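A short write-up of the structure that comes next.
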């Protein structure tokens, strides 16, 4: 069985959070969420981690997150996402300031990944069981194509008390294959206690157990080829050229492939709890949850034993 790779999307600057949250300490020895992600991935059998970062903070990032930090237990590679890293023949529209979103970031790893891989956000704490579930699935794929997966979480377990959140809202069939996924960028629990999103103007309610994506996807390398071709059309679309904040989200690409029947994606279940730090005010709760997991023996108090 091939060892899968973990692709960590760490290029975002954390505008709502107010700091470079990829490196913010949340563990008792200043461990970042990334440290727990890598620790869980190693235990789940992953053989390599690829970080997508920006040149603007590369020196600070690589000084901390390197092969030596992880005790040589996993191969480490760095790739970069920048605004002007585009397919040949395309240029950045005048006035655009930020890169093109999560699937653009994923594309930056095309030359670094030749095996099945999982993709995660650097600032999300997914839980040990989630890595085991997706690692086991990916290790069985071999050289197959167009058979993907994701770990699904119930939307009620992924909210923040401190503001709206973005989630890929999923619909699945009776066999737990994805039928559609739509990125909703303004989800919260309203004053009446109902979970709603505001993307369409008026509030639209979501059921408590609605499955959502937290960007914990599993792909085979053919996904890069699909993404490259679709991204060209995305960039050529006049509507996206005019919208200086248009983003090439992973759920957008997945929805395209699933909707056309090109690929199938199984939604995996996990016993793990998701935690995140969208806002600075979310951090104390995450720190407390990690302490609970340490007390329960899920993680050692000193993660890397140094």
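The values are calculated or read from the model by the stated rules, or taken from the named source; none is laboratory data. Worth saying up front: this structure is predicted, and the values here are computed from it rather than measured. Here the Cβ positions follow ideal geometry from the backbone for every residue, glycine too, while neighbour counts run over all protein chains shown.
General observations
- Looking only at the stretch 98-132, residues that are surrounded by fewer than 22 Cβ atoms within 10 Å (Cβ to Cβ) and over 17 Å from residue 249 (Cα atoms) come to 7 in all.
- You will find that of 137, 153, 131, 230, the residue that is in contact (Cβ under 8 Å) with a residue 40 or more places away in the chain and over 15 Å from the mean Cα position of the chain (by Cα) is 137 and no other.
- Close pairs (7 angstrom Cβ cut-off, 6 or more residues apart or separate chains): at positive phi in the stretch 93-120, buried (at least 22 other Cβ atoms within 10 Å of the Cβ) and assigned to a loop (DSSP other than H, G, I, E, B) anywhere: 101/249
- Per-region count, the stretch 162-179, residues farther than 20 Å from residue 272 by Cα, out of contact with any helix residue (DSSP H, G or I) (no Cβ under 6 Å at 6 or more places or on another chain) and part of a loop (DSSP other than H, G, I, E, B): 4
- Restricting the stretch 165-190 to residues that are modelled with pLDDT of 90 or more and farther than 26 Å from residue 262 by Cβ, the residue that is nearest to the chain's Cα centre (by Cα) is 187.
- Residue 174 being without any contact (Cβ under 8 Å) to a residue 40 or more places away in the chain and out of contact with any strand residue (DSSP E or B) (no Cβ under 9 Å at 6 or more places or on another chain): yes
- Restricting attention to the stretch 58-87, the residues being outside any loop (DSSP other than H, G, I, E, B), under 19 Å from residue 25 (Cα atoms) and free of Cβ contacts under 8 Å to residues at least 40 places away in the same chain number 4.
- Residue check for residue 12: modelled with pLDDT under 90, over 30 Å from residue 142 (Cα atoms) and touching a helix residue (DSSP H, G or I) at 6+ places or on another chain (Cβ under 7 Å): no
- Condition check for residue 197: farther than 22 Å from residue 82 by Cβ, out of contact with any helix residue (DSSP H, G or I) (no Cβ under 9 Å at 6 or more places or on another chain), at pLDDT 90 or above and buried (at least 18 other Cβ atoms within 10 Å of the Cβ): yes
- Looking only at residues in the stretch 200-227 that are free of Cβ contacts under 8 Å to residues at least 60 places away in the same chain and in contact with a strand residue (DSSP E or B) (Cβ under 7 Å, 6 or more places away or on another chain), the one that is surrounded by the most Cβ atoms within 10 Å (Cβ to Cβ) is 211.
- Test: residue in the stretch 272-292 that is part of a loop (DSSP other than H, G, I, E, B), closer than 22 Å to residue 173 by Cβ, in contact with a strand residue (DSSP E or B) (Cβ under 7 Å, 6 or more places away or on another chain) and at pLDDT below 95: no
- A single member of 303, 265, 216, 235 is in a helix (DSSP H, G or I) and touching a helix residue (DSSP H, G or I) at 6+ places or on another chain (Cβ under 9 Å), and it is 235.
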